[in-house]
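The values are calculated or read from the model by the stated rules, or taken from the named source; none is laboratory data. This structure is a prediction, so every number in the text was calculated from the model and none was measured. Note: ideal-geometry Cβ built from the backbone for every residue, glycine included; neighbour counts use all protein chains shown. Accessible surface areas use protein heavy atoms only, side chains included; no ligands, DNA or RNA. Shrake-Rupley method; radii C 1.70, N 1.55, O 1.52, S 1.80 Å.
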Amino acid sequence: MTGWAEWLLAQGEVDAQMVAEAERVLEAAALRPGDTVLDVGAGLGLLTLAALERIGDGWVIAVDSSVGALEELLQLAHEANANGIMYLVGDAEVLPLPDASIDAAVLRSVLVHVADVDAAVGELARVVRPAGRLSLREPLNRSSTYLSTAVDWSPLGGLGRRVGAVWEAFAATDPLQRLDANALAEAFEAAGFAELRCSVEDPGDEWLVTGESVDARLDARGGPGHPTLRERWQAAFAPDELTALVEHLRSLAGQTITFRRPQLYLSARRA
């Protein structure tokens, strides 16, 4: 583990799983001293600063669509006395960089939030130099399970069956569900990346049901502007039905429910 990852972990900014994912992405990127590295969707800089530790006098270009996130990353980098970082406002679909200017591009949970994945893949192919590297990790939400699909709702009869129907209707239009591992690999190959290495793995997610954790799950958001499950249920069910659903979850207190959480690790080299 890099020193920066240890610091973020100690500050509570990340958890051990996030650190392990980042380390694996960076390892597959085969970073070398002097590299120019692109971190797309840099956020708080877990990949940015950990990459900087690996490239010596090279540069890391942190790109994020959020000015606030970049300002916070700048402050954290200042506290860590980290130099060699460029901060650019932009997104994966329109990278603010010249052609063939990057030795290695790294991403963690970015393409899942992109509206036009093909455009983002094309931009990565444009900015990565010939023989440059790409490494990413993305969640495969379409194959994951959630409260609506992992919990046994059969004790509620028809109401329980409607939970599944409401979820299917939402998932069919949810942009966070569209990413597909095979389609993504094909897109990178079509864009000019070669030597693809793809691994789909499922670390799972164990949830201990408590009163507090039920509320936390119901009120969690998958992304900016993404409705919570409680909000979706409020729109789909009558107040007494919503109460019955929440009470059913609370009745499971003390049980542990395992969710599927498949994720894709992909690395490649620009032809």
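Between Asp152 and Thr258, how high is the FRET efficiency from 1/(1 + (r/R0)^6) when r is the Cβ-Cβ distance and R₀ = 22 Å? Nearest 0.05.
Working: r = 13 Å, r/R0 = 0.58.
Calculated transfer efficiency: 0.95.
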Note to self: Under a Cβ-only charge scheme (Lys and Arg +1, Asp and Glu -1), can you give me the dipole magnitude of region 81-123 about the Cα centre, in debye to the nearest 20?
What the structure shows: 260
Margin query: Let me spell out the model: positive unit charges on the Cβ of Lys and Arg, negative unit charges on the Cβ of Asp and Glu, origin at the Cα centre of the chain. What dipole size does that give, in debye rounded to 20?
Written below: 520
Check: Ser251 versus Glu195, label points 7 Å from Cα toward the beta carbon: distance in nm?
Finding: 5.7
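For a Förster distance of 35 Å, can you work out the FRET efficiency between the beta-carbons of Ala100 and Ala183, rounded to the nearest 0.05?
Numbers: r = 26 Å, r/R0 = 0.73.
Rounded to the nearest 0.05, the efficiency is 0.85.
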Notebook entry, point to check: Leaving out ligands, DNA and RNA, what percent of the accessible area of the chain is carbon and sulfur, probe 1.4 Å?
Noted result: 51
Check: Taking H as built 1.01 Å from N, whose amide H comes closer than 5 Å to the amide H of Ala105, not counting residues under 5 places away?
Finding: Leu38, Arg133, Leu134, Ser135
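Output the relative contact order of region 195-271, whole-number percent, from Cα pairs under 8 angstrom with separation of 6+ residues. Before the final figure, lay out each step's value.
Values: 86 pairs, mean separation 47.6, N = 77.
Averaging sequence separation for qualifying contacts and normalising by length gives 62 percent for region 195-271.
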Checklist line | Over the chain: helical MRE at 222 nm, DSSP H runs n ≥ 4 each giving -39500 (n - 2.57), nearest 500 | finding: -12500 deg cm²/dmol
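Can you tell me how much longer the chain between Ser213 and Leu88 gets when fully stretched, taken as 0.36 nm per residue apart minus their C-alpha distance, in nm with one decimal? Don't skip to the end; give the middle numbers.
Values: separation 125, 0.36 × 125 = 45.00 nm, distance 3.73 nm.
Full extension of this stretch gives 41.3 nm more.
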Notebook entry, point to check: How high is the relative contact order of the chain, in percent, with contacts defined as C-alpha pairs under 8 Å that are six or more residues apart?
Noted result: 19
Next item on the list: Towards the positive end of the charge dipole of the chain, with charges on Cβ (+1 Lys, Arg; -1 Asp, Glu), say which of His226, Gly122, Ala238 has the farthest Cα.
Entry: Gly122
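So how much slack lies between Arg142 and Arg32, counting 0.36 nm per residue of separation and subtracting their Cα-Cα distance, in nm? Intermediate values should be presented prior to the final figure.
Details: separation 110, 0.36 × 110 = 39.60 nm, distance 3.49 nm.
Here the segment from Arg142 to Arg32 would lengthen by 36.1 nm.
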